[in-house]
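Worksheet: the structure to be examined is printed underneath.
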Amino acid sequence: MQDTPLVIECFDFKTSGNHELIGMTEKSVVELERLCLQKEVANFVYPTRSHGGNKVLKGQLIVDCFVEKSQYSFLDYISSGFELNFMVAVDFTASNGVPRRPSSLHHIDPSSRVLNSYQQAIMESRRGCWSKGIMAAYASALRSVTLAGPTLFSHVVEKAAHLARLSLSRNSPKYFVLLIITDGVLKDMEGTRDALVRASTLPLSVVIVGVGSRDFTQIQQALLDVQATREIVQFVHMKETNGGVSVVQPLLDELPGQFLSYVRSRKINPQHGTNHQGYRRCTRRIAEIDENFVCATLDWWPPEKCNYDQCPWGYASLINLNLSSPLLAKAIQAFKTLRIRIGCLYIYIKRWDEVNHFFNATGAIVTFGLNALYERVKLSGNAWGGAWDHINTQDFMNYTVSKGDAIDSWEFGNELSGSGTGARVNVELYGKDLIVLKDVIKNAYKDSRSKPLVVAPGGFYEEKWYSELLRLTGPGVLDVLTPDSSYIQSWCRWNDPKLVNRILDPNYLSGITGIFVNVNRTIQEHGPWAAAWAGEAGGAFVSGGRLVSETFINCFWYLDQLGMSSKHNTKVYCRQALVGGFYGLLEKETFVPNPDYYYSALLWHRLMGKGVLGVQTNASEYLRAYVHCSKGRAGITILLINLSKQTKFTVGVCNGVKVVLQADIMKRKSFLETIETKVSRAGNKALDGYLNREEYHLSPKDGDLRSKIMLLNGNPLAPTVTGDIPNL
């Protein structure tokens, strides 16, 4: 493009409008830049008809200043995260006629073979995927509204402007399009003009479509009189045609131009870097996680729960947890919406009310584990048989619904799949009872607008058992497939002398990848209607590794698990546990957060968005890299984990269809220095300066990997003097 010749013409200005051409020349962008840098001039020439030649004139082109700016396209903005919000306003004034009469503009043909004028206008604007939903909303509104008058536009424009203004105040990358469909004579011309003028400074376009046989000259004239800062409104009468083709869709073709006029007037650039090779997009998603990906469990173990002379649970059970602790509440509230998976053997109604009151107050999203062995019969070994008695669950759900307590999902049992541990249930029997549970939920929530998810089996992953469960239950029963302990929690014993070395061993960490892949494949092949959750993940089984799971070094394992599982389409990852054992995110007596709470859980929840991006790297396996779309804003968030005890990496990030990391080994230093990973972004020069980048450097206090105090950019993380979670 820079070598393409540009025609430059110079005219002698005439007040009559008959401007006289003085001369012309052709120069490419590269040539113009050279004229500026080398202080050279170019001659204008005047094309003559005689002799087919050009006459050299005295006029010369002097390039005094050369500035190169990128001209972004509409698609550049959309691919960088800008959203188009489409709104439709329908005229329900009485002039349209009584809808039940065929002569009415709002009459809906019972056979659906003929569209009325409003339906046609909606369908004509179907460039997006919105027409089906809007058509349904229109039909629904028509059944409940009372047609009246007069026809007023100003309040509709002001409502749309309010939404656009609110989005602008939040720096949201959004642009709004308002489609008004009307049949009537406008009764508030002056108010409409004023509203459009005020809206012209906002990210908003207005398209007005007239339907019916009325004269719309008045509306057209009113729009011509709008003295706005930019063109934001267009009008068309549906009866007008262009060679038999409706003119509504061509009107929508004008929207990208209006959008560009807005972003350019405000000097808004796409939220991506630029470089000398041009604009590049980083948009390839390889997976997507749930909005509330980070999850923590609460178990039911009593204080007497002891293994190998260790009793690490104390009062951390759902049945005895201190729900009046301000720090516990604030630790959950810091997430705004923390998913909590509850495993429970029994609970009294009074305690259940207290628990729900606590969760409602803290904004928790609850997944509750039901007893899937209730009234079954123990057979030989660890096998259980007989039908599951659903009456207790039915009564429990009915009570919960009657109290208005929100349960996001119900999980059917725990660790009963495959060969099991303490107990197992045959897949045919389990699948049959899962269908019964689905019916219980449907009946309990029949009057509720939202229905809880069905989650199962929360146990050991065996491909044949899981595949058969999906086949037996079929679509519409099981929403979430939850494998857990077999590969997520039981990867290492609590007393393994090599536990620390395993956490820092990339080969050991990567050994679990195959299971994530297999679970995802099982769902795709046998139950694509279901999603995968990691149901229970603690790192070291039997309550975690003492002086390891609750210290800084465990962040290497936990963060890598979050990154790896999300890359393989795991929607939710539940950490064992929020409180309890040695692997609790919070101390069981004081509820003071452990290192994993701050960075691995809270910062991930705040920074890592739903979109998981592909990443390529030439680095050592000791440098782990995971990339997501940023949460709640444009841009990307990169998680870098340096597992090496000696090597320091310098990482360059290139924005492309994939994120490419170029890593170089710079030098060998102490382990503390290797934590300080330096990240530089290639091509981060923007037109108006440099892009913003936030860096979160996590390290242990005094370089001690087993420290329970984490430093964020050199500052220790701990509750404030007022007992609040620190600002990250």
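For V517 and D447 in the same chain, what is the full-extension length gain: residue separation times 0.36 nm, less their Cα-Cα distance, in nm?
Numbers: separation 70, 0.36 × 70 = 25.20 nm, distance 3.86 nm.
Using 0.36 nm per residue and subtracting the Cα-Cα distance, I get 21.3 nm.
Show me, for the range 400-410, the HN-Hα J-couplings you get by feeding each phi into the Karplus relation (A = 6.51, B = -1.76, C = 1.60, θ = phi - 60°), rounded to Hz, glycine and proline as x.
4, 5, 5, 7, x, 7, 8, 10, 6, 7, 10
With a 10 Å Cβ neighbour count serving as the proxy for reagent exposure, in which order, fewest first, do E304, E26, E288 appear?
Ascending Cβ contact count within 10 Å gives the list E304, E26, E288.
Taking the Cβ of each residue in D496, D560, D484, D290 as the centre, tally the other Cβ atoms inside 10 Å and list the residues starting with the fewest. Could you put the intermediate results ahead of the total?
On the way: D496 14, D560 21, D484 26, D290 18.
So the ranking, lowest neighbour count to highest, is D496, D290, D560, D484.
Once a ≥ b ≥ c are taken as the square roots of the eigenvalues of the Cα gyration tensor of the range 294-610, is the result rounded (a/c under 1.5), prolate (a/b larger than b/c) or oblate (a/b not larger than b/c)? If you can, show how the numbers build up before the last one.
Working: a/c = 1.44, a/b = 1.17, b/c = 1.23.
Judged from the Cα gyration tensor, the range 294-610 comes out rounded (a/c under 1.5).
Can you tell which of G539, C10, T367 lies farthest toward the positive end of the dipole of the chain, using +1 and -1 charges on the Cβ of basic and acidic side chains (Lys, Arg; Asp, Glu)?
Going by the Cα projections, it comes out as C10.
Report the full-extension gain for the segment L115 to N715: residue separation times 0.36 nm, less the Cα-Cα distance, to one decimal in nm.
On the way: separation 600, 0.36 × 600 = 216.00 nm, distance 6.53 nm.
Contour length minus Cα-Cα distance gives 209.5 nm.
At a 10 Å Cβ-Cβ cut-off, how would you order E354, E589, fewest neighbours first? Mind dumping the intermediate values first?
Details: E354 15, E589 11.
The fewest-first ordering by Cβ neighbours comes to E589, E354.
If you average the alpha carbon positions of the range 201-241 and of the range 358-425, how far apart do those two centres end up, in angstrom?
59
Name the residues whose placed amide hydrogens come within less than 5 Å of the amide hydrogen of I208, ignoring near sequence neighbours (fewer than 5 apart) on the same chain.
The list, which skips near neighbours in sequence, is I180, Q234, F235, V236.
Let me know the shape class of the chain, please: from the alpha-carbon gyration tensor, a ≥ b ≥ c as square roots of the eigenvalues, rounded when a/c is under 1.5, otherwise prolate if a/b is greater than b/c, or oblate. Write down the numbers at each step before the final one.
On the way: a/c = 2.56, a/b = 1.44, b/c = 1.78.
It comes out oblate by the Cα gyration axes.
Need one number: nm distance between label points at D194 and Y46, each 7 Å from Cα along Cα→Cβ, rounded to one decimal.
Once both label points are built, they end up 5.6 nm from each other.
Indicate, rounded to the nearest 5 percent, the antiparallel portion of the DSSP beta bridges found entirely in the range 366-437.
Working: 2 of 8 bridges.
Beta bridges within the range 366-437, antiparallel portion: roughly 25 percent.
Show me the chymotrypsin sites (Phe, Trp or Tyr not before Pro) within the range 333-402 that DSSP assigns to loop and that have at most 16 other Cβ atoms within 10 Å of their Cβ. Show your work: numbers first, answer last.
On the way: sites: F335, Y346, Y348, W352, F358, F359, F368, Y374, W384, W388, F396, Y399; in loops: F335, Y346, Y348, Y374, W388.
For chymotrypsin sites (Phe, Trp or Tyr not before Pro) across the range 333-402 that sit outside H, G, I, E and B with at most 16 neighbouring Cβ atoms in 10 Å, the list reads Y346, Y348, Y374.
With axes computed from alpha carbons, what is the tilt in degrees of helix 349-362 against the longest principal axis of the chain, rounded to the nearest 10 within 0 to 90?
Between helix and principal axis, roughly 30 degrees.
Based on DSSP H runs of at least 4 residues, each adding -39500 (n - 2.57), what is the mean residue ellipticity at 222 nm of the chain after dividing by all its residues, to the nearest 500 deg cm²/dmol?
One gets -8000 deg cm²/dmol as the mean residue ellipticity at 222 nm.
Take the Cβ-Cβ distance between T590 and I8 as r, set R0 to 60 Å, and report the resulting FRET efficiency rounded to the nearest 0.05. Walk me through the numbers on the way to the answer.
Numbers: r = 75 Å, r/R0 = 1.24.
Plugging the Cβ-Cβ distance into 1/(1 + (r/R0)^6) gives 0.20.
Short version: ³J(HN,Hα) in whole Hz for each residue of the range 330-336, in order, from phi by Karplus 6.51 cos²θ - 1.76 cosθ + 1.60 (θ = phi - 60°), x for Gly and Pro, what are they?
5, 5, 7, 5, 4, 7, 6
With everything on Cα atoms, drop me the angle between helix 513-526 and the longest principal axis of the chain, reported from 0 to 90° to the nearest 10.
70
What's the angle, to the nearest 10 degrees (0 to 90), between helix 554-567's Cα axis and the longest principal axis of the chain?
Orientation of helix 554-567: about 50 degrees from the principal axis.
For Q646 and S79, compute 0.36 nm times the residue count separating them, minus their Cα-Cα distance, and round to one decimal in nm.
Extra length available between Q646 and S79 comes to 200.1 nm.
Treating cross-link reach as a plain straight distance, find the aspartates and glutamates whose alpha-carbon is under 17 Å from the alpha-carbon of K701, omitting any fewer than eight places away in the same chain.
E550, D596, E673, E676
FYI, it's all coordinate maths here, none of it is from the lab. Note that the coordinates shown come from a computational prediction; the quantities given were computed from them, not determined experimentally. We place every Cβ from the backbone using ideal geometry, glycine too, and count neighbours over all the protein chains shown.
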